[in-house]
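Worksheet: one structure, shown below.
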Amino acid sequence: MAKVAHFMDFEFETGNTTLFPRFETEVLVEKAVSIISKEIPEGERCEILDIGTGCGNIAISLTNYIPSSRIVALDISEMALSVAKKNAVRYGMEQRIEFVKSDLFENLWQRSELSFDLVISNPPYISLADFTSLPEAVKEDPYVALYGGRDGMDFYRRIVNEAHFFMKRGAVLLTEVGYDQASCVKAMLETSGVFGDAEIYKDYSGIDRIVKGRKNG
Ligand SMILES: C[S@@+](CC[C@H](N)C(=O)[O-])C[C@H]1O[C@@H](n2cnc3c(N)ncnc32)[C@H](O)[C@@H]1O
C-alpha cells in the first residue's frame, strides 16, 4: 500500500519496499547543502552520489536545493529504485538523477567517468543486538534498509574503503550514523589514510548523527 512521507519540502511515496524517511535525515540534507553552497561556486556542476537512495528523498531534495547538481542514486533494491524514479518524475527531476541498481559500488567500477564532489549516504546501520529490540513499528521498514551487520558497521567499512576511488580530491563524504556510532565512524575515517577533516554533527535531538570526512588533496 502506498504511504506518503513528508521530508524537507516534499511528499514522497514510500510503500512497503522502502524505508519511511526519518526527520533526522533532514539534517544530513541540510548539512550537504550548506557545505556544497560554500565550496562549489554557484552554477558550477556538482556531481553527487547517493548510496542507498530508498524512495529517493535525499537525491530529490538535493537536486532541488543544489540547482547545478547531477546525481547518481543507487540502491540494491529494484523495488526501491522504482519508487524513487516515480517520486523523481512527480517532481520533474528524473532528467537530473540517474538511478542505478548496485550493491554499493559494484556496478560503478566500469564507469571511469564518475568522479564525485559529494558522496552521501544513510546506509542500513542497525546492529544485531539493536535489531532484536526494535519497536514493531520500525520493523515494518524493509530489513534490507535497516540491518547493518553484526555490529551495525558493515556499510561504513565498505564505504570508507571504497568511496574514495569515486571521489575528486578534496571531495566530501557525509553519512548518517546510529546513535552510538559517530565516534567509531570518525575514527575509521581518520585511520583510513585517505580521508581527513573528520567531523561529527548533531541532529535536532542533540544526538551525534552525521559524520563528515574529506578525501585528502
Ligand atoms: C536506511 S535506508 C535509507 C533510505 C533513504 N536514503 C533515506 O535516507 O531515508 C538504506 C537503503 O540502503 C539500501 N541498501 C541496502 N543494502 C544495500 C547495498 N548493499 N547496496 C546499495 N544499497 C543498499 C536499502 O535498500 C535502503 O533503501
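The values are calculated or read from the model by the stated rules, or taken from the named source; none is laboratory data. Because the structure is predicted, anything quoted here is derived from the model rather than measured. Here the Cβ is made from the backbone with ideal geometry for all residues, glycine too, and neighbour counts use every protein chain on show. These accessible areas exclude ligands, DNA and RNA; they are computed on the full protein's heavy atoms, side chains included. Shrake-Rupley method; radii C 1.70, N 1.55, O 1.52, S 1.80 Å.
Take the conditions (1) closer than 17 Å to Val211 by Cα; (2) open to solvent by 40 Å² or more (accessible area, probe 1.4 Å); Phe20 misses just one of them, which is (1).
Within the range 201-217, restricting attention to residues that are in contact with an Asp or Glu (Cβ under 8 Å, 6 or more places away or on another chain) and under 19 Å from Ile36 (Cβ atoms), which residue is surrounded by the fewest Cβ atoms within 10 Å (Cβ to Cβ)?
At the first step, the residues of the range 201-217 found to be in contact with an Asp or Glu (Cβ under 8 Å, 6 or more places away or on another chain) are 201-205, 207, 209-214.
When the remaining residues are screened for being under 19 Å from Ile36 (Cβ atoms), the result is 201, 209-214.
Numbers: Tyr201: 16, Arg209: 25, Ile210: 24, Val211: 25, Lys212: 20, Gly213: 28, Arg214: 20.
It comes out as Tyr201.
Residue by residue through the range 130-147, note down the ones that are assigned to a loop (DSSP other than H, G, I, E, B) and either open to solvent by 70 Å² or more (accessible area, probe 1.4 Å) or more than 14 Å from the ligand (Cβ to nearest atom) (or both). Scanning the range 130-147 gives Ser133, Pro135, Glu140.
Looking only at the range 32-56, which residues are within 16 Å of the ligand (Cβ to nearest atom) and surrounded by fewer than 16 Cβ atoms within 10 Å (Cβ to Cβ)? Those that are within 16 Å of the ligand (Cβ to nearest atom) and surrounded by fewer than 16 Cβ atoms within 10 Å (Cβ to Cβ): none in the range 32-56. Would you check if Phe99 is in contact with a Lys or Arg (Cβ under 6 Å, 6 or more places away or on another chain), open to solvent by 30 Å² or more (accessible area, probe 1.4 Å) and of a type in the set (Phe, Trp, Tyr)? Yes; evaluated as a whole, the condition is true for this residue.
Please pick out the residue among Ser77, Ser69, Ser82 that is open to solvent by less than 10 Å² (accessible area, probe 1.4 Å), at pLDDT 95 or above and not aromatic (Phe, Trp, Tyr).
From the options Ser77, Ser69, Ser82, the qualifying one is Ser69.
Of all residues in the range 102-124 being over 19 Å from Ala171 (Cα atoms) and open to solvent by 40 Å² or more (accessible area, probe 1.4 Å), which is farthest from the ligand (Cβ to nearest atom)? By that ranking, first place goes to Gln110.
Select from the range 148-183 the residues that are within 11 Å of the ligand (Cβ to nearest atom) and either assigned to a helix (DSSP H, G or I) or more than 15 Å from the chain's Cα centre (by Cα) (or both) and write down the one among them that is surrounded by the most Cβ atoms within 10 Å (Cβ to Cβ). Once the filter is applied, the top-ranked residue is Ile159. Note on the range 188-200: among residues that are open to solvent by less than 40 Å² (accessible area, probe 1.4 Å) and part of a helix (DSSP H, G or I), the one that is nearest to Ala171 (Cα to Cα) is Leu189.
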